[in-house]
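Notes for the one structure printed next.
The values are calculated or read from the model by the stated rules, or taken from the named source; none is laboratory data. Please read all numbers here as calculations on a predicted model, not as lab measurements. For neighbour counting, all protein chains shown are included, and Cβ atoms are generated from backbone atoms with ideal geometry for every residue, glycine included. The area values use the complete protein model at the heavy-atom level, side chains included, leaving out ligands, DNA and RNA. Shrake-Rupley method; radii C 1.70, N 1.55, O 1.52, S 1.80 Å.
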Amino acid sequence: MNETPPRVRAEIDLAAVRANVRALRERAPRSELMAVVKADAYGHGMVPCARAAQQAGAAWLGTATPEEALALRATGVGGPLMCWLWTPGGPWREAVEADIDVSVSGMWALREAVRAARAAGRTARIQLKADTGLGRNGCSPADWPELVQQSRAAEAEGAVRVTGVWSHFACADEPGHPSIAAQLSVFREMTAYAEKEGVDPEVRHIANSPATLTAPESHFDLVRTGIAVYGVSPSPELGTPADLGLRPAMSLIASVALVKQAPAGHGVSYGHHYVTPAETTLGLIPAGYADGIPRHASGRGPVLVGGKRRTVAGRVAMDQFVVDLGGDLLEPGAEAVLFGPGDRGEPTAEDWARAADTIAYEIVTRIGSRVPRVYVNERPDERERGANGAAQ
């Protein structure tokens, strides 16, 4: 039975995910690695990417929300798993019962974790988050002694087990930024205080993807790698994915829906911000901002069509955009590659980020749910198994 090709698809190379995890483990050989699979694995598909990361030796998985973590457990994904973005009244008991490490940034969260543990009749695994200078979530240094002491009291009664102390960098994507050393100093002080008070964490961690790649002094027991797992550079200033030993895992591919002749002076798309300079051919790409194509890239977004780089002609609409084919004649159904690894001449997610004045994180993460994910290289081959004993 023939399958109808999708109008647009996100092709995810799980071999690239596994290779990226192995490359990142080599950057932090004395630390365990957490693969962060929040936001549907940055748009790549949470469950397939979680399994691929584990196959390549990721010891931990991380999500932002408890709902994400519980969804992983519901599919049978095991192993150490942490989630950190909690609000009052969240599914604390369900997380405790699913053996998920929950992050605690203040007394209200500790109280919720203790209540959940008592209701579940089992010990909650908690990780204390320190705000070392990012100014978002996390416990401030002034409030740290109370949180540590009360956590130790809850630990003494068996309600919780403090499994980790952690924090997050503000500017790790800017190597040499003075805040990096400052945050590391505060993290060491806050960790030392917790340990003096009797906390014996399994893991201490602060390094994100850029710190894993550029700041070995920050690796501690665990590194948390997110965007780099998917082969996207955390920052152009750090280098391209190839410079960092990474390979982009996502390719966004559409089928050309229509090719037609257009005379000179023909307006294209809403507002006629593009007018054909001469007689030409126009190609219709059936993907738009409802699929995650950034409208901010109107007139600038690059696409590989018919073996040539083209540019979005006029505005990106909700479901479609147009490219000027410059007189080339293509058959409907021809492949249009919006982005991929770049080794076939196609644009990359970073190219689209520049076109939309944003970051590559947003380009891959915003690809919507109506774009099907198609997975390739789902199982490690013999070469991969030989390269990494953790592959399964």
* Loop-located GluC sites (Glu not before Pro) in the range 133-173, at most 12 other Cβ atoms within 10 Å (DSSP) -> GLU157
* Asked: Between ARG379 and GLU197, what is the spin-label point distance in nm, taking each point 7 Å from the Cα along the Cα→C-beta axis?
  -> 5.1 nm
* Structure fact -> In order over the range 35-43: 3J(HN,Hα) from phi, Karplus 6.51/-1.76/1.60, θ = phi - 60°, whole Hz, x for each Gly or Pro, gives 8, 7, 10, 5, 6, 6, 6, 6, x
* What is the calculated FRET efficiency for GLU237 to ASP328, with r their C-beta to C-beta distance and R₀ = 22 Å, to the nearest 0.05? -> 0.05
* **Debye, to nearest 20: dipole size of the range 253-392, +1 on Lys, Arg Cβ, -1 on Asp, Glu Cβ** => 240 debye
* To do: Write down the percent of antiparallel bridges among all DSSP beta bridges whose residues are both part of the chain, to the nearest 5.
  => 50 percent
* Quick one: Debye curve from the C-alpha atoms of the chain, no solvent, what's log10 I(q)/I(0) at q = 0.08, 0.11 Å⁻¹? -> -0.48, -0.82
* Asked: On the accessible surface of the chain, probed at 1.4 Å, how many percent belong to carbon and sulfur atoms?
  -> 50 percent
* Structure fact -> Per the charge dipole of the chain (beta-carbon charges, Lys/Arg positive, Asp/Glu negative, Cα centre), the residue among SER167, THR281, ALA153 reaching farthest to the positive end is THR281
* In Å², what does the accessible area per residue of the chain work out to with a 1.4 Å probe? -> 43 Å²
* Computed magnitude of the charge dipole of the range 263-333 (debye, nearest 20; Cβ of K, R +1, Cβ of D, E -1) -> 280 debye
* Asked: In the neighborhood of PRO332, defined by Cβ-to-Cβ distances under 12 Å, what is the net charge if each Lys or Arg adds +1 and each Asp or Glu adds -1?
  -> 0
* Along the Cα-to-C-beta direction of GLU217, a point sits 7 Å from the Cα; which residues of the range 154-170 have their amide N less than 16 Å from that point? -> 169-170
* Structure fact -> Rounded to two decimals, the Debye log10 I(q)/I(0) of the range 272-392 (Cα scatterers, no solvent) at q = 0.14, 0.15, 0.17 Å⁻¹ is -0.65, -0.73, -0.88
* Range in the chain, longest, excluding exposed trypsin sites (Lys or Arg not before Pro) [loop by DSSP; at most 12 other beta-carbon atoms within 10 Å] -> 137-343
* Determine which lysines satisfy two conditions relative to LYS260: a Cα distance under 22 Å, and not lying fewer than 8 residues away in the same chain. => LYS308
* Provide the net charge surrounding VAL305, with neighbours chosen by a C-beta distance below 12 Å and charges set as Lys +1, Arg +1, Asp -1, Glu -1. => -2
* Asked: With charges only on Cβ, +1 for K and R and -1 for D and E, what is the dipole size of the chain about its Cα centre, in debye, rounded to 20?
  -> 360 debye
* 3J(HN,Hα) from dihedral phi, the range 207-224, Karplus parametrisation 6.51/-1.76/1.60, rounded to Hz, x for glycine, proline -> 6, 9, 4, x, 5, 4, 7, 10, 10, x, 5, 9, 6, 6, 7, 8, 10, 9
